[in-house]
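The values are calculated or read from the model by the stated rules, or taken from the named source; none is laboratory data. This structure is a prediction, so every number in the text was calculated from the model and none was measured. Don't worry about glycine lacking a Cβ; one is built from the backbone with ideal geometry, like all the others, and counts go over all protein chains shown.
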Amino acid sequence: MCNGSVVGNVKDPSDAAVAGAVVTATHRETGQSRQAVTSDGGGFSFPTLQAGDYELRVSRDGFRTSTTEVTVTIDSIVRADVSLQLGAVAESVQVTAAALLQTDRSEVRAEMTARRFQNLPVPVGRNYQNLLRVLPGFRPPSNAHSVPTNPSRALTYNVNGVSQSINNVRIDGARSNAPWLPHITSFVPTLEAIDTVNVVTNSFDAEQGLAGGAAVNVQIRSGGNDFHGSAFEYHTNHRLKAKPWILPQGRQKPKLVNNEFGGTLGGPIVRDKAFFFVSYEGTPNREFASRLGTVPTPLQKVGNLTESTTPIYDPMTGNRDGAGRSPFAGNIVPAARISRITRKLVDLTPNPNVVGAGFTNKFFAGDSYLFDRHRADTKLNWNPSSKLSMFGRYSILNYDMTNPQMFGELGGPEVSGAGGNPARPLEGRIALLGPPLTSSPQTSSWTHITVTPWPTRRWNKRAWTRSWAWTFLASPEPTARGGSREVGLRLPLVF
């Protein structure tokens, strides 16, 4: 899930296997190299390689050295068969293209790379999940839940007609589904931080697991021996949008100012050994939000219901089943029959402010809606030797939202459809992984430890609650065929 593999066979011009050839795979960005020796059948394998572009160099006495360029992506097996030509070792043959078909796995999969994210239009919010709609079998992703419940604005989707709750999303191998709401992910990385998104929708192999619809593996970018950086700014305002239908006649188009800005930086800490990558995105959103509601007219507030032709019956008359009740005289409720509590609430309720027939949706409320979100992804890679590679990643999301209620102190629904429960939660994802520890060219082992906190804090004038959900996953022992045994512990806490 975090790595890819390269397999192949080395043959001579007569199509006979070449045993004992030295195969070296060198990562072009980090300079890390791995070495294998072909078997008696001429086969070689690199089972756990970091994703990226590799130079595959094959040498053997009596043959020209062959160099092939291959691209390794997460959760994939790249076949790179090599045909050596007779000649001196000093001579070389360079192959610039490798096979694109995956012939060593039967799964149904698709892949989206950083180049696609950079070139395809993505809606406001810059969520990679929006592009899942271009893959076969996906129902177009859609928003779910309020902002306080889902501040990442993760999207829901069905795959091949099955439930949206049985998709499994991993970021750098760490499961990222929300502990309380498994149909959404609790964290969505910044778009510039994503290197590859690998999607498997059928014929899952053993290491995928926990997925019935789609297994989505997201790979965060890593640093290399050269410094690379980027900066961006996207702006949207009300001048680019149509006038909402909800606005009463004569009102101007409401103001909207949305900015999405940030940048990335990656490079070496120690050349060929240690690397870093950081990504940040800020999203301040300012808009005038509004909604329509129903409130009583001034006559209705004092018990005069003559504006309606529907008779109002006295509940103190007639039978218990409602039969035989008498209407109020003149459709007017006597002042003595209106309780003090009702009168107090009625006095606080605003009057209708929208002209027109009828009684519903005659109150227009508007106020400023604010939403500030900050996301960051950091990743450190360390390659102490050719047999040991590890990385650590920490991602964080913080937001602040202001969404006033339409009746002010009296309450009521919020003016924006973003939802209530005003909150300032802090979300973090920590993934500590150590793949691979290779003892021989044929075998490898890896350790995967994940800590996934999902704290959410909410408060209002009367209550304040906090909930945490910690997920600890450890996969210390791979199976003989390259899968893994995963044990987990999830501890939800509410206080």
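Looking across the stretch 360-386, just one residue is among the β-branched types (Val, Ile, Thr) and closer than 28 Å to Tyr280 by Cα, and that is Thr378. The single condition among (1) of a type outside the set (S, T, N, Q); (2) over 27 Å from Phe46 (Cβ atoms); (3) outside any loop (DSSP other than H, G, I, E, B) that Val124 does not meet is (3). Does Ser92 fit the bill of being over 30 Å from the mean Cα position of the chain (by Cα), surrounded by 13 or more Cβ atoms within 10 Å (Cβ to Cβ) and modelled with pLDDT under 70? So Ser92 passes the test. For the stretch 344-400, enumerate the residues that are over 20 Å from Asp172 (Cα atoms) and among the hydrophobic types (A, V, I, L, M, F, W, C). Scanning the stretch 344-400 gives Leu345, Val346, Leu348, Val354, Val355, Ala357, Phe359, Phe363, Phe364, Ala365, Leu370, Phe371.
Residues of the stretch 171-204 that are of a type in the set (A, V, I, L, M), modelled with pLDDT under 90 and more than 21 Å from Leu120 (Cβ to Cβ): Ala174, Ala178, Leu181. Reported count of residues in the stretch 270-283, each being in a strand (DSSP E or B), touching a residue at least 40 places away in the same chain (Cβ under 8 Å) and farther than 13 Å from Thr190 by Cα, is 3.
For Leu299, the test of being assigned to a helix (DSSP H, G or I) and under 30 Å from Val415 (Cα atoms) is passed.
Note on the stretch 140-156: residues that are out of contact with any Gly (no Cβ under 8 Å at 6 or more places or on another chain) and either basic (Lys, Arg) or part of a loop (DSSP other than H, G, I, E, B) (or both) total 7. Checking Leu155, Leu256, Leu210, Leu247 one by one, the residue that is in contact (Cβ under 8 Å) with a residue 40 or more places away in the chain, farther than 21 Å from Asn3 by Cα and surrounded by 15 or more Cβ atoms within 10 Å (Cβ to Cβ) is Leu247 and no other. When the stretch 317-355 is limited to residues that are surrounded by 11 or more Cβ atoms within 10 Å (Cβ to Cβ) and among the small types (Gly, Ala, Ser), the one that is modelled with the highest pLDDT turns out to be Ser326.
Every condition in (1) at pLDDT 85 or above; (2) in a loop (DSSP other than H, G, I, E, B) holds for Glu69 except the one numbered (2).
Using the structure shown, decide if Ile396 is closer than 28 Å to Asn285 by Cα and either touching a strand residue (DSSP E or B) at 6+ places or on another chain (Cβ under 6 Å) or without any contact (Cβ under 8 Å) to a residue 24 or more places away in the chain (or both). Against the criterion (closer than 28 Å to Asn285 by Cα and either touching a strand residue (DSSP E or B) at 6+ places or on another chain (Cβ under 6 Å) or without any contact (Cβ under 8 Å) to a residue 24 or more places away in the chain (or both)), Ile396 qualifies.
For the stretch 300-316, the count of residues that are surrounded by 16 or more Cβ atoms within 10 Å (Cβ to Cβ) and under 50 Å from the mean Cα position of the chain (by Cα) is nonzero.
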